[in-house]
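Every read-out reported here was derived from the displayed coordinates using simple, explicitly stated rules and does not represent laboratory data. What you see is a predicted model; the values in this text were computed from it and never measured. Every residue, glycine among them, receives a Cβ derived from its backbone with ideal geometry; neighbour counts consider all protein chains shown.
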Amino acid sequence: MQRLDALARRLAVGGSLLASCTLASIPCAVAQDSLFQESRPAMGTTVEILLYASSRVRAAELFEAAFEEIERVEATLSSYRPTSEISRLNALANGGRIVTDPEVFGLLARALDVSRRTDGAFDISVGALVRVWKRGRANGHLPPSAELEQAAAAVGWEHVVLDPATRSVHFLVPGLELDFGGIGKGYALDRAAALLRRAGVTAALLGAGRSSHYAIGAPPRTTGWPIVVPDPHDPERPLSNVHLRDGSLSTSGSGQQFFEYAGTRYSHIIDPRTGVPVTGMTQVTVTARSATDSDALATALFVAGPERAAGLLEHYDGVGALVVTAAGPDAAVVPIAWTGSPRPRDRGAQHLPLER
């Protein structure tokens, strides 16, 4: 079993939302169960799983099953894999109704429902814009206006038609491309967590890089897995502490993935409605019952901004958010039904200045 001090160092990932506490409150064992950890590259990041198991052999079996499930989901949803189901839909659904499998159809329906509830702030049809802006970032300049106009014309969740009777998918505009980057990691963690629950795991924490986390139960004699939400303007300063139990926490932010051009900082998160990256925002953290929901909603609130975030969350139960605006004298934190501690006074969409 790993020593707690070594484990604490592994959890104290700079800027991530994994617990950066000393973990002194997390016992090494309860009865015969001990804490084990394993991490592997997946979904363009590092996925880490901590779980309690009766032995190292049993833990290894559980890790293998969970990581296999994550790989299966990635192989299905990744638009970067030409053999994925999403790549097949992107290639064929412009030409007619394409039947897909029940899992993908269900996730598509769920994603489109989030788009409807958030007025398009979250939109999985943004693939063409993602590709154009990614090429622009790599070249260090803004995409040509003609390319942007063409890509923007191929975006719109309302142009994705699902037929439950035939389980088919049809795109109404040419060039539309699905991109599950804003929801795929959370969905993969939900699937892996469900597998672990069925295998009898009662305490585990799953994390995909710095963006998505899901907790099963809690470590023995604790109220939840301790997670620190960092201040994006000062990563050494904790913004809030969360004890996550049977729920998820996801973050969308521009602190690391961005580029600057002509004095303007462009995040990697694109507003599907305007076709350009979001400006004036730094970080959004969302807690929810599922990582699928918290992933999608973190992206949606980042796009929507603090003035509209509270209204969008009225459509969801058991969801909280911590919205951080851009740096500068007007930088602010907007808590919305936030239950972490210390908890800023919740005033809906009113700005609360960051204290220094």
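Descriptive notes on the structure:
- The chymotrypsin sites (Phe, Trp or Tyr not before Pro) of the range 62-116 that DSSP puts in a loop, and whose beta carbon has at most 15 other beta carbons within 10 Å, are Tyr80.
- Likely footprinting exposure, Asp317, Asp293, Asp33, Asp119, fewest C-beta neighbours within 10 Å first: Asp317, Asp119, Asp33, Asp293
- Under a model in which nothing but the beta-carbon of Lys, Arg (+1) and Asp, Glu (-1) is charged, the range 166-321 shows a dipole of about 560 debye around its Cα centre.
- Exposure proxy for Ser294, Ser78: other Cβ atoms within 10 Å of each Cβ, ordered fewest to most, give Ser78, Ser294.
- Residues Thr292, Thr166, Thr222, Thr299, ranked from the fewest to the most other C-beta atoms within 10 Å, line up as Thr166, Thr222, Thr292, Thr299.
- A Förster radius of 22 Å combined with the Cβ-Cβ distance from Asp317 to Arg197 puts the calculated FRET efficiency at roughly 0.55.
- The range 85-171 - convex hull of alpha carbons, volume per residue in Å³: 101
- A protection proxy built from the mean count of other Cβ atoms within 10 Å ranks the segments 241-253, 38-50, most packed first, as 241-253, 38-50.
- Computed FRET value (nearest 0.05) for Arg289 with Arg131, which takes r as the C-beta separation and R₀ as 25 Å: 0.20
- Rounded Å value of the spacing that divides the Cα centres of the range 300-326 and the range 48-126: 24
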